[in-house]
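Contents: one structure, followed by commentary.
Where a number appears in this text, it was derived from the coordinates with a stated rule and is not lab data. Please read these numbers as outputs of a predicted model, since none were measured by experiment. Don't worry about glycine lacking a Cβ; one is built from the backbone with ideal geometry, like all the others, and counts go over all protein chains shown.
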Amino acid sequence: MILDGKCPTGPIQQSWDKHRFDLKLVNPANKRKYNVIVVGTGLAGGAAAASLGELGYNVQAFCYQDSPRRAHSIAAQGGINAAKAYPNDGDSIYRLFYDTIKGGDFRAREADVWRLAQVSNNIIDQCVAQGVPFARDYAGYLDNRSFGGAQVSRTFYARGQTGQQLLLGAYSALSRQIKLGTVKMYARREMLDLVVVDGVARGITVRNLVTGELESYAADAVCLATGGYVNVFYLSTNAMGCSVTAKWAAHKKGAYFANPCYTQIHPTCIPQAGDYQSKLTLMSESLRNDGRCWVPKKKEDCGKHPNDVAEEDRDYYLERKYPSFGNLAPRDIASRAAKEQCDDARGVGPGGRGVYLDFATSIKRVGADTIKERYGNLFEMYEKITDEDGYKRPMRMYPAPHYSMGGLWVDYNLMSNIPGLFVLGEANFSVHGANRLGASALMQGLADGYFVIPYTIGGYLAGVKPVGTSTDAAEFKQSKEEVNGNVSKLLGINGKKTVSEFMRELGGLMWENCGMARSNESLNINLKKIPALREEFWQNVKVTGTGAEFNQDLENAGRTADFLEFAELMCRDALHREESCGGHFRTEHQYDDGEAMRDDSNFCYAGAWEFKGMNNEPELHKEPLKFENVHLAVRSYK
Amino acid sequence: MSDHKTMTINLVVWRQKNANDTGKFENYTVKGITEHHSFLEMLDVLNEDLIKAGKQPVAFDHDCREGICGMCSQVINGMPHGGQERTTVCQLHMRKFHDGDTIYIEPWRARAFPIVKDLVVDREALDKIIQAGGYTSCHTGGVPDGNAILIPKPAADEAMDAAECIGCGACVAGCPNGAAMLFTGAKVSQFAVLPQGKAEAKTRVTNMVQAMKDCGFGNCTNHYECMAACPKGINVKFIARMNREYLKAQF
């Protein structure tokens, strides 16, 4: 089937304004008759719940953490992009649009990206009004820094904690609505199923993580804002609780999963120190404003103290390979370049899996105090984890899984192929194509939550009659029974291996065979090994405790079971996409210099998979991508 | 850097089935811990051992494991987050301990934080304080340009100092009175120094202080334990600022 993204036609500059006018409205008195469920309270979910509550809808919001303020958006460090052009350096909505399309390696929808660039400026204004303490200059104006993939300074920031401050802004707006009674907040709830009645999304089944009880909630529309899935690699920069579970549940109920193979491996993370490690920590891309990446030119220098390697014996490989963008090359490119140096046996640190990020030049130029003011908390974090002082010796970095560009398929209105199911933020696939540029995730989350869904959900609700919050329909009961059956099954296996042993094994397979480089051979290995591992899981996993209590072992078991199914789809998608683009690098498809080779004549589409049962092959649906405003070209940062 | 020595650690951990259980300390031993293990990774090792032995693992809150989400919450050897300056439990590393050490681990203890299980507590009371006024009442959309109202750098910086709070509740756990003055003071101050927060300054501080009392938090008697426990180094000057704002609001 050919999918239709329902993008507006006509000049792109007017597309969102025209579309907003064309959308039907729900009048203020009728809004209170409609109920909306929002799952996840990060930037997208938190902003959506607050904005929809403010408009007058009855909102029920859910998160698995103990408070909506803890969603993983909070960990974003560096900043948020907007086309304000305050620095007078040539930025514009068009340039942000262009950079994002190119940064995504021409695999995103033009109309969606245009809208994102257009509303980016409203986001900054909104956050300032909320009291988000963005960095300011001495005259009191907003300050900017640079991020990868752009030659202008358009990134707004709040020290190294931009995500935290933006999330606290959304959380404060949400708190205000909770107090006003327009939003009812359910914390410590994990969505385990989507309830579909007569082909329409009508509610969710959640597990109360404190009591273990399964609960049903109904509404006129369901918004998923449940983040990304890169914990499929086990070790990633995501929080421990981030999972594919809610998205996978929706997928199994009919929602198409688009481009699951597009995953972002972030170039600057603290390298893994041992097998016991539970997560990887990212060091903001903003560090590359002042830090220079290098490895020794000579293999024999790799064991030396970095300060003892002479200047002429250092290979500043990003500056060498990409002179016009230098250390601010986009993430996919910087990650691959780091891997390339390490594969060439010029990596540093344990196992030779590391490159240096060196601040000596900048400290000499602007002084240690300025560097400290810009990134102090990041240097502190680095020291806590590694016991090394980044001011005195270069930091060691290695790429790590960070973000998923793929996600549930949505149309221009952010609605999935299931009517009434909307998907926001990282959970959807819409704007980042095959690679996301730095400081764009925060922008997308807040754009979807504050400025897109409040309009588009109205367009949908205006066309349906409110149905109330009764969960009497047979589908709710059936969903609960299915979830309950799954929980009992997990608890009844009583095997010999722990949940995290399975998750580590799966993560290892994914990193090895479906990570920074993928091949026909490696993916086929995974397509054999993953089903076998899944089978073993269901025969030999050991989950302690009961379902009727606070049980973190059971929570992890459920998430792992879903990753074991999803991982196969991810490999299948990577295998079918016989090209390299953005974060998806197929070793068979590269230019002589190692750059990614796209195949626009055969793969210029979003690939959305339909679930056909666990024992059947999923069906691929294609949404062709049209480029009418940006010329399809080989992506170059040289 | 690469030190292959491993440590054996004795743990004395608070175990409590649920809010109604009385709870008690249990003793455990974990082996094979390196200096690079984070404190929570050390507990992961313990939990893997317990699961394999068919016993219930220790429940503890954690999520981002990079010191920003505020989920982790353990009193270690009597100190919230373990006593390393400006450090959450998840950022605490085992290189701060020695082979053979005995470590006591307890949950946050405060009247306003009922225990959920083992080391997990219910911190909804902090959300209630924010709901009482920890925001500006701006609407989505319809706000002026971000540069329309200039904010002097010192004010922006001070707001940011206050806004760094991660809402973990260590200040409450560290306070002999179980007070949430540092938490509340930081939020009140963030808005008090910004022009955007001025319009509602009086009602904000009044309502947030009232919510603090209603939730069962104690009062401040200047012990400064909150500041010592705070993983973000939030300064007690913000409590003074809240007191000033509160007084101003009475007139």
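Some notes on this structure:
- Its relative contact order, with pairs defined as Cα atoms under 8 Å and 6+ residues apart, puts chain A at 21 percent.
- Alpha carbon convex hull of the protein assembly as shown, projected area averaged over orientations, nm²: 33.8
- Quotient of the Cα radius of gyration of region A:547-612 and 2.2 N^0.38 Å, N being its number of residues: 1.64.
- Region A:452-468 - phi-based ³J(HN,Hα) in whole Hz, Karplus 6.51/-1.76/1.60, Gly and Pro as x: 10, 4, x, 7, 6, 5, x, x, 6, 5, 4, x, 10, 7, x, 10, x
- Mean Cα-pair separation over length for region B:60-185, i.e. relative contact order, pairs under 8 Å, 6 or more apart, %: 25
- Our compactness index for region A:420-558, the C-alpha radius of gyration over the empirical 2.2 N^0.38 Å, is 1.44.
- The GluC sites (Glu not before Pro) of region A:270-353 include none that DSSP puts in a loop with a beta carbon having at most 10 other beta carbons within 10 Å.
- DSSP loop trypsin sites (Lys or Arg not before Pro) with at most 16 other Cβ within 10 Å: longest gap in chain B: B:112-251
- Distant alpha-carbon pairs in region A:312-385 (separation over 22 angstrom), percent: 36
- The convex hull defined by the C-alpha atoms of region B:89-164 has an orientation-averaged projected area of 9.5 nm².
- Taking the longest Cα principal axis of chain A as reference, the axis of helix A:93-103 is set at about 80 degrees.
- Helix A:552-576 axis, angle to chain A major axis (alpha carbon atoms, nearest 10°): 70
- Loop-located chymotrypsin sites (Phe, Trp or Tyr not before Pro) across region B:89-138 with a Cβ neighbour count of 13 or fewer within 10 Å are lacking, with loop assigned by DSSP.
- Taking only Cα atoms of region A:223-323, radius of gyration then Dmax in Å: 19.2, 60
- Normalising the Debye intensity of region A:131-197 to I(0), with uniform scatterers on Cα atoms only, and taking log10 at q = 0.16, 0.18, 0.21, 0.27 Å⁻¹ returns -0.77, -0.84, -0.94, -1.17.
- Fraction of beta bridges assigned by DSSP in chain A that are antiparallel (%, nearest 5): 70
- Of all lysines in the structure, the ones whose alpha carbon falls short of 27 Å from that of A:LYS339, not counting any fewer than 8 places away in one chain, are A:LYS102, A:LYS279, A:LYS297, A:LYS298, A:LYS299, A:LYS304, A:LYS321, A:LYS384, A:LYS392, A:LYS528, A:LYS529, A:LYS638.
- Rough spin-label spacing in nm, given labels placed 7 Å along Cα→Cβ, for B:LYS202 and B:GLN250: 1.5
- What the Cβ-Cβ distance of A:PHE21 and A:TYR94 gives, at R0 = 25 Å and to the nearest 0.05, is a FRET efficiency of 0.70.
- Placing +1 on the Cβ of every Lys and Arg and -1 on the Cβ of every Asp and Glu, with nothing else charged, gives the protein assembly as shown a dipole about its Cα centre of roughly 1800 debye.
- Angle in degrees between helix A:368-386 and the longest Cα principal axis of chain A, rounded to the nearest 10: 70
- Column: log10 I(q)/I(0), Debye, Cα scatterers of region A:87-201, q = 0.20, 0.21 Å⁻¹: -1.15, -1.18
- Taking one quarter of the surface of the C-alpha convex hull of region A:364-445 gives a mean projected area of 7.8 nm².
- Alpha-carbon radius of gyration plus Dmax, which is the widest Cα pair, for region B:123-249 in Å: 14.4, 45
- Judged by the gyration tensor of its Cα atoms, with axes a ≥ b ≥ c, region B:7-116 is oblate; a/c meets the 1.5 cut and b/c is at least as large as a/b.
- Helical content of chain B, expressed as a calculated mean residue ellipticity at 222 nm, amounts to -10000 deg cm²/dmol (DSSP H runs of 4 or more residues, -39,500 (n - 2.57) each, divided by residue number, nearest 500).
- Dimensionless Rg/Rh of region A:269-399 - Kirkwood Rh, Rg from C-alpha atoms: 0.93
- Normalised by the number of residues in region A:269-399, the average gap of Cα pairs under 8 Å and 6 or more apart makes the relative contact order 31 percent.
- Percent breakdown of C-alpha pair distances by 5 Å bin, ordered from the shortest bin, for region A:510-638: 2, 9, 15, 16, 16, 13, 10, 7, 5, 3, 2, 0
- Computed P(r) (all Cα pairs; chain B; 5 Å bins; percent): 1, 6, 12, 16, 17, 14, 11, 8, 7, 4, 3, 1, 0
- For region B:1-42, the spread of Cα positions along the three principal axes, ordered from largest to smallest, is 46, 15, 8 Å.
- Taking the inverse of the mean 1/r over every pair of distinct Cα atoms in region A:185-263 gives a Kirkwood hydrodynamic radius of 13.7 Å.
- Sparse-neighbourhood loop sites, GluC sites (Glu not before Pro) in region A:549-638 - DSSP loop, at most 14 other Cβ within 10 angstrom: A:GLU578, A:GLU588, A:GLU628
- Of B:PRO57, B:PRO152, B:PRO80, the one that fluctuates the most in a GNM where chain B has Cα springs shorter than 10 Å: B:PRO152
- Cut-off 15 Å, label 7 Å out along Cα→Cβ of A:TYR186, residues of region A:203-227 by amide N: A:203-225
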